[in-house]
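Coordinate-derived values only; no laboratory data. Predicted model only: the values in this text are computed from it and were never measured. Because the Cβ atoms are built from the backbone with ideal geometry, glycine has one as well, and the counts that use them run over all protein chains shown.
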Amino acid sequence: MKDIYRGSLVRLASQSADVLAKAFANWDRDTEAHRLADSDPAQLWSEKKIKEFIEKDAEKHSQAFRFAIHTLDEDKLIGSVSLWINSWTHSEAWVGIMVGDRNYWSKGYGTDAMKLVAQYGFIELNLRRISLGLHSYNPRALKSYQKAGFQLEGTMRGEGLRDGVRYDSLWMGILREEWLAQQESK
Ligand SMILES: CC(C)(COP(=O)(O)OP(=O)(O)OC[C@H]1O[C@@H](n2cnc3c(N)ncnc32)[C@H](O)[C@@H]1OP(=O)(O)O)[C@@H](O)C(=O)NCCC(=O)NCCS
């Protein structure tokens with residue numbers, strides 16, 4: 001059996017609240033990274049506050065599968081990716097990803113991590129569907145998710161307002177059979 005946590009550029013690793021809080025405190029100083037990933041206003045939280053948030057979130061969402069993203073070559077922590085189960089009845093989950101270290105953008109790391117988490121969802125959790133959302137001003141994310149096999153399913157027009165301009169929210173998804181077909185065509 002292959003190692004389902006290991007891709008071609010990254011591996012999925014366990015998350016320690018301490019280590020992640022420190023990393024997020026740094027990544028959140030990069031307002032572009034924050035604004036790409038989040039619709040909430042950018043703000044500078046302390047490491048302590050981020051750690052409390054991570055711990056509370058883990059209690060609140062017990063049906064979540066959270067991973068740190070480490071590079072294979074240097075074993076460097078570059079981001080985080082999580083699957084939140086929306087419904088076991090309907091076998092459906094939501095995914096969110098953040099490559100926080102901008103030195104690793106547009107080099108394939110995020111797509112590799114997304115492929116691993118989709119694989120985890122479909123073969124380990126037996127999901128039927130995985131969904132995600134992004135801002136229309138994030139073409140890098142759109143391309144990355146398409147490379148990972150997600151399809152654009154909908155647009156919520158003018159949902160957000162940033163820098164005085166309204167932007168759309170985009171919704172994407174991948175179905176189990178689509179993911180299986182991709183594996184067969186490899
Ligand atoms: C979104 C994210 C996970 C994607 O991971 P990544 O490792 O950067 O993505 P990849 O390198 O695998 O793929 C990005 C693709 O977009 C392309 N791209 C980059 N900037 C682009 C732009 N402005 N317009 C169009 N395509 C662009 C890249 O060239 C690459 O395509 P290619 O492989 O054909 O060359 C990562 O960039 C990230 O976390 N960014 C910061 C936070 C964020 O945006 N989170 C997602 C919130 S929904």
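Remarks
- With N as its number of residues, the range 1-92 has a Cα radius of gyration that, divided by 2.2 N^0.38 Å, comes to 1.19.
- A convex hull fitted around the alpha carbon atoms of the range 65-166 yields 114 Å³ per residue.
- Overall shape: rounded for the range 10-184, with the ratio a/c of the largest to smallest alpha carbon gyration tensor axis below 1.5.
- Estimated at 0.36 nm per residue, the fully extended path between residue 30 and residue 181 surpasses their Cα-Cα distance by 50.6 nm.
- Computed per residue of the chain from DSSP H runs no shorter than four, each worth -39500 (n - 2.57), the mean residue ellipticity at 222 nm is -9500 deg cm²/dmol.
- The range 10-184 - charge dipole about Cα centre, Lys and Arg +1 at Cβ, Asp and Glu -1, debye rounded to 20: 200
- Net charge contributed by nearby residues that have their C-beta within less than 11 Å of residue 42 (K/R +1, D/E -1): -2
- Stretching residue 39 away from residue 88 to a fully extended chain increases their span by 14.9 nm, per 0.36 nm per residue minus the current alpha-carbon distance.
- Residue 124-residue 53 FRET efficiency (beta carbon distance; Förster radius 30 Å; 0.05 resolution): 0.65
- Among beta bridges identified by DSSP and lying wholly in the chain, the antiparallel ones come to about 90 percent.
- Pairs of Lys residues in the range 10-184 that lie 8 or more places apart, or on two chains, and have C-alpha atoms under 18 angstrom apart add up to 14.
- Alpha-carbon centroid distance for the pair the range 1-66 / the range 140-176, whole angstrom: 21
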